[in-house]
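Asks: Let me give you the structure first, and then I'll get to my questions.
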Amino acid sequence: MRNGIFNGCDFSPEQCDEIDASIHVAHIDDKMGDSVVVIVDEACRTFKPHLVWLDNLNSYAGCELNKQDQVAQFLRAGLSPS
């Protein structure tokens, strides 16, 4: 996906290097719920990101996504910046 964006935006090699230096990707496939919140919190303290992308929320929430109160607990109470 990154390469497609780089190609589509016609960034120079220098711009690509600068962007690459500020992108941090973590593959978490063995945690969910509160465990993910702890990992994301630690990563945010380390990298100070402008954007955190959880792809696929179904895999990380650790709750029933059709239950608004459970989703709100994960997103607002767990992942909301403090």
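The values are calculated or read from the model by the stated rules, or taken from the named source; none is laboratory data. Keep in mind that this is a model prediction, so the values were computed, not measured. Don't worry about glycine lacking a Cβ; one is built from the backbone with ideal geometry, like all the others, and counts go over all protein chains shown.
Asks: Among what's in the stretch 35-58 and is within 16 Å of residue 73 (Cα to Cα) and not hydrophobic (A, V, I, L, M, F, W, C), pick the residue that is surrounded by the fewest Cβ atoms within 10 Å (Cβ to Cβ).
Replies: Among those residues, the one meeting the criterion is 58.
Asks: Give just the number: which of (1) exposed (fewer than 10 other Cβ atoms within 10 Å of the Cβ); (2) of a type outside the set (D, E, K, R); (3) not in a helix (DSSP H, G or I) does residue 32 not satisfy?
Replies: Single failed check for residue 32: (1).
Asks: Which one of the conditions (1) under 13 Å from residue 79 (Cβ atoms); (2) at pLDDT 90 or above does residue 12 fail to meet, given that it meets all the rest?
Replies: (1)
Asks: For the stretch 34-67, give me each residue that is of a type outside the set (Val, Ile, Thr), closer than 25 Å to residue 22 by Cα and at pLDDT 85 or above.
Replies: 35, 41, 42, 43, 44, 45, 47, 48, 49
Asks: So the check is Cβ under 8 Å with 6+ separation or different chains; which pairs have a first residue in the stretch 4-30 that's of a type in the set (A, V, I, L, M) and a second one that's part of a helix (DSSP H, G or I) and modelled with pLDDT of 85 or more?
Replies: 26/39; 26/43; 28/36; 28/39
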